[in-house]
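Structure first, commentary second.
The values are calculated or read from the model by the stated rules, or taken from the named source; none is laboratory data. The model shown is predicted, which means the values in this text are computed figures rather than measured ones. So basically every Cβ, Gly included, is an ideal-geometry build from the backbone, and we count neighbours across all protein chains shown. Just so you know, the surface numbers come from the protein's heavy atoms only, side chains and all, with ligands and any DNA or RNA stripped out. Shrake-Rupley method; radii C 1.70, N 1.55, O 1.52, S 1.80 Å.
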Amino acid sequence: GIDMAKALRVALAGLGTVGSGVIRVLEANRALIERRAGRAIEVVAVSARDRNKDRGIDISGFTWVDDTVALADADADVVVELVGGADGPALALARATLGHGKAFVTANKAMLAHHGMELAEAAEKSGVPLKFEAAVAGGIPVIKGLREGAAANEIARVQGILNGTCNFILSKMEAEGRDFGEVLAEAQALGYAEADPSFDIDGVDAAHKLSILASLAFGTRPAFDDVTIRGIRQLIAGDIAEAAALGYRIRLIGQAELGAGGLFQRVQPQLVPQDHPLAHVTGSTNAVVAEGNFVGRLLFQGAGAGDGPTASAVIADLIDIARGESGPPFAMPVAALTDAAAADTGARCGRFYLRFMVADRVGVLAEIAAAMRDAGVSIESLIQRGANLDGSALVAIVTHEVSESAIAAALERLRGSQSLVGEPMWMPILG
């Protein structure tokens with residue numbers, strides 16, 4: 001057991017922006033953290049790729065460990081993993097740490113989405129905490145909020161803006177009327193987007209986080225493989241303009257619900273009504289909305305990334321461990337978590353936005369309308385915008401309430417049509 005009178009000794013893997021941030025925040029708020037935790041929290045050992053890199057922090061007082069996985073053997077009470085990656089050194093370190101009966105804190109959503117159950121079982125078996133507040137929505141205490149604050153409630157659904165890079169790009173497209181490719185290039189130049197941004201813009205990062213939130217909200221085993229994922233690559237400035245004209249903003253929404261039909265989990269762009277809290281989330285901010293049966297609608301909002309916010313979430317977990325406070329990683333013991341079947345998305349009903357780029361010629365609208373009619377899709381509004389330089393025009397449709405399978409059938413009927421230029425875009429209207 002841990003001697004509560006002594007400092008909590010921390011071994012830290014990864015000294016990137018977040019790892020360096022942890023050291024800086026512990027230093028800056030040292031006295032306050034000690035008062036809140038009831039004892040000091042001290043980094044004693046570190047491991048990173050390059051020992052001599054200048055990180056703007058002094059690491060000479062810490063034991064340096066060359067092999068990241070060997071950090072599990074350091075003379076410490078808890079290991080913090082900020083290396084990243086679903087497998088590789090991060091997973092090996094997690095397994096070794098929990099196997100040795102030491103507490104483990106991580107910001108690694110990919111690893112939790114793929115291996116969360118195995119690690120939760122290992123933590124339970126060793127009787128040690130496994131904490132990951134920093135893995136979802138950066139500095140926002142959404143995991144604590146669901147695990148602890150809303151613990152008395154049945155959660156009906158959870159939805160949110162879980163990727164700052166996408167939200168930054170969408171907000172900028174919205175504000176400046178520019179196309180996706182141009183704004184992405186600028187985001188990369190500013191360091192808001194990675195050189196290879198596919199994990200972010202294709203929705204995978206948001207899906208990792210969503211699968212963890214869904215598990216906490218519904219008491220189900222994390223089921224990342226069941227998340228349907230569509231990113232924001234296909235969006236054009238015209239979509240954002242049409243959405244605005246209709247009273248909506250486009251956001252990449254992660255959404256999960258547990259119902260009689262199973263567990264629904266999806267990441268995809270949606271049209272969000274102006275009066276919905278998620279419509280007002282701009283820049284790289286993250287936000288999560290959870291609906292509890294007694295507590296009502298909860299909104300968690302704040303910085304979803306960055307060294308300060310993410311480090312602050314890591315240290316909040318360390319303070320819990322220093323206090324001796326620790327519940328099961330996924331809000332209930334592993335044996336109590338259920339296996340939920342994936343819901344059939346085709347059965348979901350709602351209103352949809354459909355956008356076609358069409359050759360500007362006679363009969364195109366009739367062809368689209370016929371495909372809709374034959375698939376049983378009722379049209380609420382149809383807008384055609386004039387020809388572009390290449391002679392193509394934009395057609396935007398908002399449907400009445402209809403099933404997703406009907407939308408799919410309508411698009412299938414139009415597949416290969418000579419009238420269409422490129423792929424049609426379809427998005428649900430959040431409501």
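May I ask you to list the residues in the range 168-179 that are open to solvent by 20 Å² or more (accessible area, probe 1.4 Å), in a helix (DSSP H, G or I) and in contact with a helix residue (DSSP H, G or I) (Cβ under 7 Å, 6 or more places away or on another chain)?
PHE168, LYS172, GLU174
I'd like the full set of residues that are open to solvent by 50 Å² or more (accessible area, probe 1.4 Å), under 26 Å from TYR248 (Cα atoms) and touching a residue at least 24 places away in the same chain (Cβ under 8 Å), limited to the range 341-377.
Answer for the range 341-377, where residues must be open to solvent by 50 Å² or more (accessible area, probe 1.4 Å), under 26 Å from TYR248 (Cα atoms) and touching a residue at least 24 places away in the same chain (Cβ under 8 Å): ALA347, ARG348, CYS349, ARG351, LEU365, GLY376.
Please enumerate the residues belonging to the range 198-247 that are closer than 20 Å to PRO428 by Cβ, open to solvent by 10 Å² or more (accessible area, probe 1.4 Å) and of a type in the set (S, T, N, Q).
Across the range 198-247, the qualifying residues are THR228, GLN234.
Please determine whether any residue of the range 23-35 is touching a Lys or Arg at 6+ places or on another chain (Cβ under 7 Å), closer than 15 Å to SER312 by Cα and in a helix (DSSP H, G or I).
no
I want to confirm something. Restricting to the range 60-75 and keeping residues that are of a type outside the set (Val, Ile, Thr) and not in a loop (DSSP other than H, G, I, E, B), which single residue is farthest from SER126 (Cα to Cα)?
TRP64
Tell me whether the range 288-299 contains one or more residues that are closer than 18 Å to THR165 by Cα, touching a helix residue (DSSP H, G or I) at 6+ places or on another chain (Cβ under 8 Å) and modelled with pLDDT of 95 or more.
Yes, there is a match, as at least one residue in the range 288-299 is closer than 18 Å to THR165 by Cα, touching a helix residue (DSSP H, G or I) at 6+ places or on another chain (Cβ under 8 Å) and modelled with pLDDT of 95 or more.
Scanning for something open to solvent by less than 40 Å² (accessible area, probe 1.4 Å), out of contact with any helix residue (DSSP H, G or I) (no Cβ under 9 Å at 6 or more places or on another chain), over 30 Å from GLY38 (Cβ atoms) and not in a strand (DSSP E or B), does the range 391-398 turn up at least one residue?
yes
Return the residue satisfying two criteria in turn: it lies in the range 28-48 and is of a type outside the set (S, T, N, Q) and under 23 Å from GLY84 (Cβ atoms), and of such residues it is surrounded by the fewest Cβ atoms within 10 Å (Cβ to Cβ). Please lay out each step first, then the result.
The initial filter retains those residues of the range 28-48 that are of a type outside the set (S, T, N, Q), namely 28, 30-46, 48.
Narrowing further to those that are under 23 Å from GLY84 (Cβ atoms): 41, 43-46, 48.
Values: ILE41: 23, VAL43: 22, VAL44: 17, ALA45: 20, VAL46: 24, ALA48: 21.
Looking at the filtered set, the residue picked out is VAL44.
Quick check on this structure: which one of ARG221, ARG249 is touching a His at 6+ places or on another chain (Cβ under 9 Å) and within 29 Å of LYS144 (Cβ to Cβ)?
ARG249
Under 6 Å by Cβ, and 6 or more places apart or on different chains, what pairs join a residue from the range 147-159 that is open to solvent by 20 Å² or more (accessible area, probe 1.4 Å) with one that is of a type in the set (S, T, N, Q)?
ASN153/ASN293; GLU154/ASN293
Which of the residues belonging to the range 76-129 are crowded, with 22+ Cβ neighbours inside 10 Å, assigned to a loop (DSSP other than H, G, I, E, B) and out of contact with any strand residue (DSSP E or B) (no Cβ under 7 Å at 6 or more places or on another chain)?
Selection gives ALA107 alone.
When the range 219-247 is examined, which residues are found to be assigned to a helix (DSSP H, G or I) and either over 17 Å from the mean Cα position of the chain (by Cα) or free of Cβ contacts under 8 Å to residues at least 12 places away in the same chain (or both)?
Once the filter is applied, which keeps residues that are assigned to a helix (DSSP H, G or I) and either over 17 Å from the mean Cα position of the chain (by Cα) or free of Cβ contacts under 8 Å to residues at least 12 places away in the same chain (or both), the range 219-247 yields ASP225, ALA237, GLY238, ASP239, ILE240, ALA241, GLU242, ALA243, ALA244, ALA245.
Which residue out of VAL79, VAL46, VAL69, VAL65 is at pLDDT 95 or above, in contact with a Ser or Thr (Cβ under 6 Å, 6 or more places away or on another chain) and farther than 17 Å from ASP317 by Cα?
Matching residue, one of VAL79, VAL46, VAL69, VAL65: VAL65.
Say we look at the range 329-355 and pick out the residues that are part of a strand (DSSP E or B) and of a type in the set (A, V, I, L, M); which of these is nearest to VAL105 (Cα to Cα)?
Among those residues, the one meeting the criterion is ALA342.
If I ask for residues that are surrounded by fewer than 16 Cβ atoms within 10 Å (Cβ to Cβ) and assigned to a helix (DSSP H, G or I), which ones from the range 309-328 would you list? Break it down stepwise before answering.
Initial filter on the range 309-328 (surrounded by fewer than 16 Cβ atoms within 10 Å (Cβ to Cβ)): 323-325, 327.
ARG323 - this is the single residue of the range 309-328 that is surrounded by fewer than 16 Cβ atoms within 10 Å (Cβ to Cβ) and assigned to a helix (DSSP H, G or I).
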